[in-house]
Structures are given as C-alpha cells and as structure tokens.
1. Residue by residue through the stretch 157-204, note down the ones that are more than 12 Å from the ligand (Cβ to nearest atom), surrounded by fewer than 23 Cβ atoms within 10 Å (Cβ to Cβ) and in a helix (DSSP H, G or I).
2. How many residues are under 19 Å from residue 194 (Cβ atoms) and out of contact with any strand residue (DSSP E or B) (no Cβ under 8 Å at 6 or more places or on another chain) when one looks only at the stretch 75-108?
3. Give the stretch 346-369 a look and list any residue that's outside any helix (DSSP H, G or I) and over 11 Å from residue 134 (Cα atoms), or say none.
4. Just need a number here: residues in the stretch 13-39 that are part of a strand (DSSP E or B) and surrounded by fewer than 21 Cβ atoms within 10 Å (Cβ to Cβ).
5. Tally the residues that are farther than 22 Å from residue 139 by Cα and touching a helix residue (DSSP H, G or I) at 6+ places or on another chain (Cβ under 8 Å), restricting the search to the stretch 7-45.
6. Could you check residue 293 against (1) within 16 Å of the ligand (Cβ to nearest atom); (2) farther than 22 Å from residue 160 by Cβ and say which number it fails?
7. Out of 321, 343, report the one residue that is closer than 27 Å to residue 135 by Cβ, in contact with a helix residue (DSSP H, G or I) (Cβ under 7 Å, 6 or more places away or on another chain) and assigned to a helix (DSSP H, G or I).
8. From (1) touching a strand residue (DSSP E or B) at 6+ places or on another chain (Cβ under 9 Å); (2) part of a loop (DSSP other than H, G, I, E, B); (3) farther than 28 Å from residue 391 by Cα, pick out the condition that doesn't hold for residue 223.
Ligand SMILES: NC(=O)c1ccc[n+]([C@@H]2O[C@H](COP(=O)([O-])OP(=O)(O)OC[C@H]3O[C@@H](n4cnc5c(N)ncnc54)[C@H](O)[C@@H]3O)[C@@H](O)[C@H]2O)c1
C-alpha cells in the first residue's frame with residue numbers, strides 16, 4: 001500500500017529506549033495505514049554506544065547509526081530530527097536541528113525550564129519562516145476518544161465549561177528500593193511526577209477545552225528522599241546497588257487552577273498511587289453535559305447529555321472505534337480497539353501531513369512553552385505555601 005512514488009522524508013531519531021521504540025514503530029507503521037503525502041524513511045538512529053545502537057537499529061528498522069546526535073543532524077538524508085532522550089538534552093538538540101534546517105519532533109515535556117522552552121519556541125518561530133515545523137510529543141492528544149472529546153467541546157455539546165478534573169496516577173516507584181534513575185534527578189528530568197505526567201494532563205486540559213490555565217495553587221511532595229544508585233539504568237525497570245543518593249524531584253504534585261473561560265480545574269500527578277499503572281483520567285462538566293475519559297479504558301468516552309429528560313439522562317459509553325471517529329477509520333472494524341502504540345502512529349501521521357501541507361504541527365513548541373509555564377507556576381506556588389501564582393502569558 002505504500003506508494004513508492006511518494007517523496008521521502010528522511011527521519012533521524014535520537015534515543016532508542018522506551019520512546020525510541022514507540023516512535024520507531026510509528027514511523028514504520030504510519031505510511032502503511034494512512035495515505036501520507038510524504039513517505040517517512042528511517043534514515044538513521046543515534047545513541048552513544050555503538051554496539052547497542054547498532055543492535056537497536058537492526059531490531060527497529062533503521063538504515064544507519066550515529067554515535068553523536070550532532071552527526072545525525074548533519075546528515076543530508078535526515079530532514080526531520082526526532083528527539084526521544086531525557087529532558088536535559090531536548091533544548092540543545094532541538095536548537096541545533098532547527099538551526100541546521102531540520103523539522104523537529106521533541107518528546108515532552110518540551111524542556112527542563114521555562115528559559116529553555118522560551119528559547120526553543122523562539123527558534124521554532126524563526127524556523128517556521130523557513131518552512132520548518134516543530135512539534136512536541138504530547139501523544140495522548142492522539143487517542144481517538146480524546147480527539148473526539150475535543151471535537152464535542154468545540155461543537156458546544158458541553159455548553160459552558162464549569163469544571164475540569166484531571167489526574168495521572170502511576171505506582172512504579174512505591175518501593176523505596178527502586179533505584180535513583182534519571183527520572184528522579186532534577187538536573188536530568190527537570191521535575192518529577194509534575195513534569196513527566198502532570199505535563200500530559202495540563203496539555204490535555206488546554207487541548208480538550210481550548211482554554212488556557214491562567215493561575216494555579218500547588219503542593220508537591222517527595223515521599224522517599226533517598227534511593228539506591230542504579231546499577232543498570234533500564235528506563236522504568238532498573239536495579240539498585242549499595243550506594244544511595246538523594247531524590248531531587250517531586251514524587252507527587254497536586255494543584256488547582258482557573259481556566260481562561262472561567263472554569264475551575266483540579267489536577268493530581270503521582271507515582272505513588274498503588275495499583276494504578278497509567279490511569280490518566282479527565283472529566284469535564286459543562287452547562288449542557290459532561291465528558292469523562294480514562295486511559296486504562298482508552299477506546300471509550302463517557303458522555304452525559306444534560307439536555308435529555310432526567311428519566312433517561314446519564315453517562316453513556318461511546319466506543320470511539322467508528323470510522324467517523326478521529327483516526328479510527330484507518331484501522332480495524334468498529335469495536336476492535338486500539339492501544340498505546342497507535343497514539344504515536346497518529347502523531348507521526350499528523351506531523352508528516354503538517355510538513356507536506358506547510359502548516360503548523362500541533363502541539364507546537366509555543367504550546368509546549370505554555371505547558372512549561374504552568375509547571376513552573378505550580379513549582380513556584382508549592383515552594384511558597386501554595387500561594388496563588390498567575391501563569392505568565394495566559
Ligand atoms: N509521550 C509520552 O507519553 C512519553 C512517555 C514516556 C516518556 N516520554 C518522554 O520521552 C523522553 C525519553 O523518555 P524515555 O521513557 O524514552 O526514556 P528512556 O530512559 O527509556 O530512554 C532514553 C534514551 O535516551 C538516550 N540518551 C540519553 N542521553 C543521551 C544523549 N546525550 N545522546 C544520545 N542518547 C541519549 C538513552 O541512552 C536512552 O536510549 C523524555 O522526555 C520523556 O519525558 C514521553
């Protein structure tokens with residue numbers, strides 16, 4: 001089905017662990033299910049260890065390898081640089097790639113600080129004049145049920161939005177012996193649960209409602225302050241040694257805020273919700289109805305239509321697998337659900353289309369900066385008795 005006459009888009013990817021694998025799958029799969037205007041070519045994969053990056057490239061379908069991301073950016077057969085590394089590298093790689101005239105897909109959160117995110121958004125704006133696109137990997141926007149929720153809000157089915165209730169619950173570090181991997185170190189990750197998973201519910205809230213978070217009050221906590229240093233760092237599953245080190249990020253973050261359209265919103269991001277693996281949930285209540293989504297049932301969107309007579313109203317389950325639902329028509333017959341990996345395929349598809357059609361690839365770096373400003377406001381508030389903290393520019 002892939003049309004060999006379609007012009008190629010050479011992709012170069014940095015990092016080959018968790019996100020590297022999901023993005024590799026996405027680049028391979030997108031042109032096989034969607035009729036794309038450009039054909040992604042898995043040109044080169046960059047890592048620091050030659051043997052390991054070679055093995056990863058072979059396994060995931062990359063044509064060549066580099067052991068320095070600068071060499072990847074310099075390659076003539078790379079037109080798009082895909083950044084799947086920890087946050088402390090995002091700004092440097094993205095700025096260099098845009099400068100070199102490459103499109104960029106950068107994993108979330110956009111950066112480790114507002115200053116970095118501002119520099120990246122400014123560079124992306126400049127690069128836009130040269131026809132370059134820069135997108136942030138807020139992949140949950142691409143769940144069909146979430147994209148449907150946004151459509152329904154935009155169509156006015158919920159009326160005036162009064163409440164947003166968003167949580168992102170995980171439990172992978174409840175064991176105090178879980179080692180001090182990069183996600184638990186501020187200098188590498190920027191923040192903890194807040195920037196890692198809180199960033200997703202901030203973006204999701206702004207995406208689904210079309211409103212910005214204008215101010216926040218926050219609380220953060222680090223329950224386990226020392227952990228064993230990792231022996232072998234293997235992403236979310238690693239083993240610890242004898243020596244211990246300080247945890248320098250939050251384990252959990254709670255905050256509430258106001259939206260630009262007048263709604264009240266509450267948020268909770270934690271890695272300590274025992275039994276909750278990847279429970280990203282959002283509920284929106286409006287004057288005409290409500291919507292509720294839970295990633296652990298990702299093919300479903302619950303909708304309550306307040307305009308129905310009370311005797312027959314109530315939440316009903318929309319199975320977001322119809323050809324009329326966003327993205328779903330490219331896949332399986334109705335009811336044959338999609339999974340986590342599909343969101344990255346949709347992300348690749350949307351980016352390729354935006355590049356070919358010479359329009360912004362959303363979420364843009366400016367959207368990523370808006371999220372970063374909310375995260376920074378939560379941190380500032382939490383550090384100062386949860387004082388109300390406006391979000392600049394919102
Ligand atoms: N969209 C999502 O839902 C989602 C999910 C998980 C992670 N992420 C984001 O993706 C990014 C990566 O997370 P991950 O879970 O894949 O981490 P990971 O630890 O699984 O992988 C990180 C990779 O980056 C490589 N790396 C680190 N520094 C490097 C450097 N200087 N040069 C080259 N390679 C380098 C590592 O070797 C590894 O291959 C983070 O920003 C994270 O927040 C997004």
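The values are calculated or read from the model by the stated rules, or taken from the named source; none is laboratory data. Since this is a predicted model, take the numbers as computed values, not measurements. Please note: Cβ atoms are built from the backbone with ideal geometry, for glycine as well, and neighbour counts cover all protein chains shown.
1. Correct list: 186, 187.
2. Of the residues in that region, 4 qualify.
3. 357, 358
4. 1
5. Qualifying residue count for the region: 1.
6. Single failed check for residue 293: (2).
7. 343
8. Of everything listed in (1) touching a strand residue (DSSP E or B) at 6+ places or on another chain (Cβ under 9 Å); (2) part of a loop (DSSP other than H, G, I, E, B); (3) farther than 28 Å from residue 391 by Cα, residue 223 misses just condition (3).
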